[in-house]
Amino acid sequence: MALVQRIPSFSSNLRNWKSTNSTNHKPVSSLHYKTQITASSSSPFTEKHSVERYQRDQWLYKASTPSPSPSPPSNQQDEVFVRENDIASQLPELKKLLEVLREKRESGCRGGDCGPGDVFLVGTGPGDPELLTLKAVRVIQSADLLLYDRLVSNDVLELVAPDARLLYVGKTAGYHSRTQEEIHELLLSFAEAGATVVRLKGGDPLVFGRGGEEMDFLQQQGIRVQVIPGITAASGIAAELGIPLTHRGVATSVRFLTGHSRKGGTDPLFVAENAADPDTTLVVYMGLGTLPSLAQKLMDHGLPCDTPAVAVERGTTPLQRNVFAELKDFATEIQAAGLVSPTLIIIGKVVELSPLWPHCTKESSCLVESR
């Protein structure tokens, strides 16, 4: 694989990466970047087995169960542990916390006229804590209780006030620590007790984050909800790679797709002909499992098989990995690289405008000349 030189000042995270090299100079259509961090390094996100997660949630477990081992159990053991032990041990502590909040609220009220607390839906961006908005930081630091998702980075949780409570409600494919209905009830119960409740979501809370459902539920119950937007993965990761999602003469629109459907399955995506528009940039969230089907459908609908594409694992974090390839080889190259969730996929001619694209192209030359 030919060595591609990176622009030193392009991104602080790029300095943590190293490109692979090979004596084989045959042109290839993919490029993999690997970090200098060893495979044993912990994820920057709050994965379900994250040691950091259990350290921050210790208040939920210390009274009833010992801290779990950092080493992950089997899938079957994990499901039993989480659904039976985790939630069962949390319920008594959650009830105690609700009682404390209610007593605090009643003692601070005059004449019993106290309204409910506020709920903030806060987007934490794609992973890099420096991409948080100032408003998000302020709200995070002032919360009484924070419910956080799997793709909220541990660095973001470091901003939480020492006396605030953290509750993990993360989801991943085949694993939900809490159902969506349980999350709704938790938000409502603590808001009704007068707490300032923050719902932390990776990326933007209203882009494939079910924030709209939570907002609608709470507003119907008379709870005031404020949304603090975050940098969605499409924008943050594209910027990290130097990919303009739209570019004059290259892409006139951008379209966000989900790789999952409500019914699940390996082939849930229906791609209309306009999704295969060569002048549109496609960004696919949660699409690793359904990418082979999606790529084939796009080509069947007329998208050129040499359309540039990139898959980015754990974007904007020190563990970021990229796979660049043409559409016809894209699924095979991703499988060979062994990418795992969370991975964002960008498909379109704008991908070859990235300084990391391994081929010199007409479009990338035009972009350099226009700078």
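Taking 25 Å as the limit for the C-alpha separation, the pairs LYS95/LYS171; LYS135/LYS201; LYS201/LYS349; LYS171/LYS328 exceed it in the case of LYS201/LYS349; LYS171/LYS328. Taking every protein chain into account, the 1.4 Å probe leaves THR179 with about 50 Å² of accessible area, to the nearest ten. Measuring r between the beta carbons of GLU103 and THR133 and using R0 = 45 Å, the FRET efficiency lands at 0.85.
The values are calculated or read from the model by the stated rules, or taken from the named source; none is laboratory data. It should be emphasised that the depicted structure is a prediction, and the values quoted were computed from it without experimental measurement. Cβ sites come from the backbone with ideal geometry, for glycine too, and all protein chains shown count toward neighbours. Accessible surface is based on the protein model in full, side chains and every heavy atom, while ligands, DNA and RNA are left aside. Shrake-Rupley method; radii C 1.70, N 1.55, O 1.52, S 1.80 Å.
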